[in-house]
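Trainee: The structure's right below; bear with me while I get my questions together.
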Amino acid sequence: MNCSISGEVPEEPVVSTKSGLLFEKRLIERHISDYGKCPVTGEPLTMDDIIPVKTGKPRPVQAASIPGMLGMFQIEWDGLMLSSFAMEQQLHTARQELSHALYQHDAACRVIARLKKERDEARELLAQAERQVPMAATTSAANGAGLSYGKRAAEEEEMDPGSKKIHPGISGDVIKELQDCNAALSQQRKRRQIPATLAPVDALKRYTQLNSYPLHKTNKPGILSLDIHYPKDVIATGGVDSTAVVFDLPSGQIVSTLSGHSKRVTSVRFAAEGELLVTGSADKTVRVWQNSENGNYDCRHTLKDHNAEVQAVTVHATNKYFVSASLDGTWCFYDLASGLCRAQVADASESEGYTSAAFHPDGLILGAGTTGAQVKIWDVKSQANVARFEGHVSAVTAISFSENGYFLATAAHDSVKLWDLRKLRNFRTFSLYDEDTATQTVEFNHSGNYLALGGSDIRVYQVASVKSDWNSIKILPDLSGTGKATCLKFGPDAKYIAVGSMDRNLRIFGLPEEDQSES
């Protein structure tokens, strides 16, 4: 039964009462509306003369042959596979959401457990204090008489084993100060432009060693940390020989040698426009040094809140506070002027020690690398662990935040990883050396345009976006002969790179004078 117009099996058949012919309904309706007669017999025809015919659904033409049926089966198979793929994607998304929810639940449980523990400890300490009020008053009066030049005399005395120090906490005024600083820096960052005086990529490609300065002792060689006070080009280094050295680069002279630590100096940072220098040491102490009129740095505070090696110190953007991180698994928040430890924070869920630490450029976030190959992100206001990055297989040796606030670079024995702080994920990994050579240091320059890594050599990369390639600009050899560059820092506008290694020399890499005159 085929349509008298198309010759095909009609999908909606109708029959003419006058001629008895079979038509496709849509075709005969259009013909009658145009011509008003039967397309075959030519007799006058209206829609009243058309009667629908009820039939089963006709089999499509494709099903009338084996190739057609195979084609239909292929289409059905393709549809089934697409549907299966869509379901797998939905399942994967659901699993990720479930994993994230479980992680948040676990983090919340850990925070609650830590808070309960701190509450119980605070109650216990309060009870002890109430029982010892007369003794505390007497001790306070005695200590008050012994304070001079801002030093904390109480910390000069050895505490009894197992005793705990009471910290006042980060007050609301301090938090407001940190938030105001954060708001101001965020506004400045939105208007930030690349400095016109920044060393271009072509200049960095021609960098070579300009000078080498022997700063530390020969019997215990090794520079473990360095920092630069940019306005005056003054460099501070911390050495294995238990000293810190303040070095004036323009004159090539040592300004001051800071002696006081009993073990290696693991971290140094300038503060308060170069008037103060903070040092951390393997002797479990942190020292704050003040520049005097004769150019020497005198010890102003000796802080003994940690019970294991201090691995890192980092100064807040306000230049009023700093943080120390230790292998005892805690970090301390200090008042720079008074040396008061306002808070000592530990992760109640883990006992990993800290190997590195740095403030985020906006100052409300603290990043810390651990011996357990993790990078923990802390909210300074609440002292809560808000995120952690996993992916390294060994202790995190160094971390550095980019000035734009979006990127975090972390170095460990296995590799250097770059993290997107907006999406909390790793977006690039540099595996530079063999398994026997560790990456010791990583550092963004002050403007955030370049990244330098240090291990058996020094490699400089141009900073790009998450999706773009970070191109290698220059590979500088470690000329110390030790094969271990331990610390590095870009100079102002990346005009030079200061490098410390496991010998006693500070090396300066930059553009030779003849190239500077040409440029």
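The values are calculated or read from the model by the stated rules, or taken from the named source; none is laboratory data. Quantities reported herein were computed from a predicted structural model and do not represent experimental measurements. Heads up, the Cβs are rebuilt from the backbone with ideal geometry, glycines too, and the neighbour counts pull from every protein chain shown. These area figures cover heavy atoms from the full protein model, side chains too; ligands, DNA and RNA do not enter into them. Shrake-Rupley method; radii C 1.70, N 1.55, O 1.52, S 1.80 Å.
Trainee: State the three equivalent ellipsoid semi-axes of the chain, derived from the C-alpha gyration tensor as the square roots of 5 times its eigenvalues, in descending order and whole Å.
Mentor: Equivalent ellipsoid of the chain: 72, 32, 20 Å, largest first.
Trainee: Can you pull the accessible area of D436 for me, 1.4 Å probe, Å² to the nearest 10?
Mentor: Estimated to the nearest 10 Å², D436 gives 130 Å².
Trainee: Which whole-angstrom value gives the distance between the alpha carbon centres of region 294-323 and region 349-423?
Mentor: 20
Trainee: How do M87, M81 stack up against each other in accessible area, from largest to smallest, with a 1.4 angstrom probe?
Mentor: M87, M81
Trainee: Setting aside same-chain residues fewer than 8 positions from K467, which aspartates and glutamates have a Cα under 13 Å from its Cα?
Mentor: Qualifying aspartates and glutamates at Cα under 13 Å: D420.
Trainee: With every protein chain present, what accessible area does I50 have (1.4 Å probe, heavy atoms only), rounded to the nearest 10 Å²?
Mentor: 20
Trainee: Around D457, with a cut-off of 14 angstrom between Cβ atoms, what is the net charge of the other residues, counting Lys and Arg +1 and Asp and Glu -1?
Mentor: Net charge around D457: +2.
Trainee: On to the next question. Using only helices, what value at 222 nm comes out for the chain when you add -39,500 (n - 2.57) per DSSP H run of length 4 or more and divide by the total residues, to the nearest 500 deg cm²/dmol?
Mentor: Mean residue ellipticity, 222 nm, calculated: -8000 deg cm²/dmol.
Trainee: Right, here's the next one. For region 178-236 and region 69-135, write down the distance between their C-alpha centroids in whole Å.
Mentor: Answer, in whole Å: 40.
Trainee: Here's a follow-up. Just how large is the dipole of the chain about the Cα centre, in debye to the nearest 20, putting +1 at every Lys and Arg Cβ and -1 at every Asp and Glu Cβ?
Mentor: The calculated dipole for the chain is roughly 500 debye.
Trainee: What pairs in K263/K376; K423/K474; K205/K320 have C-alpha atoms more than 32 Å from each other?
Mentor: K205/K320
Trainee: To make sure I understand the rule: partners must be aspartates and glutamates, Cα under 19 Å from the Cα of K304, and not fewer than 8 residues away in the same chain. Which ones qualify?
Mentor: The qualifying aspartates and glutamates are E155, E156, E157, E158, D160, D283, D328, D335.
Trainee: Would you work out what percent of the accessible area of region 400-456, with all protein chains in place, is carbon or sulfur (probe 1.4 Å)?
Mentor: 39
Trainee: Okay, moving on. Taking all protein chains together and a probe of 1.4 Å, list K263, K484 from the most accessible to the least accessible.
Mentor: Listed by decreasing accessible area, they come as K263, K484.
Trainee: Checking the table K190/K417; K220/K495; K284/K489; K25/K54 against a 22 Å threshold on Cα-Cα, which pairs fail?
Mentor: K190/K417; K220/K495; K284/K489
Trainee: Right, here's the next one. When only the heavy atoms of the protein chains count and the probe is 1.4 Å, how do D379, D469 rank by accessible area, highest first?
Mentor: Solvent-accessible surface, decreasing: D469, D379.
Trainee: Also, quick follow-up: Can you tell me how much longer the chain between E513 and E88 gets when fully stretched, taken as 0.36 nm per residue apart minus their C-alpha distance, in nm with one decimal?
Mentor: Gain on stretching E513 to E88: 146.8 nm.
Trainee: While we're on this one: For Q96 and A464, what does the FRET efficiency come to when R0 = 35 Å and r is the distance between their Cβ atoms, rounded to the nearest 0.05?
Mentor: Computed FRET efficiency for Q96 and A464: 0.80.
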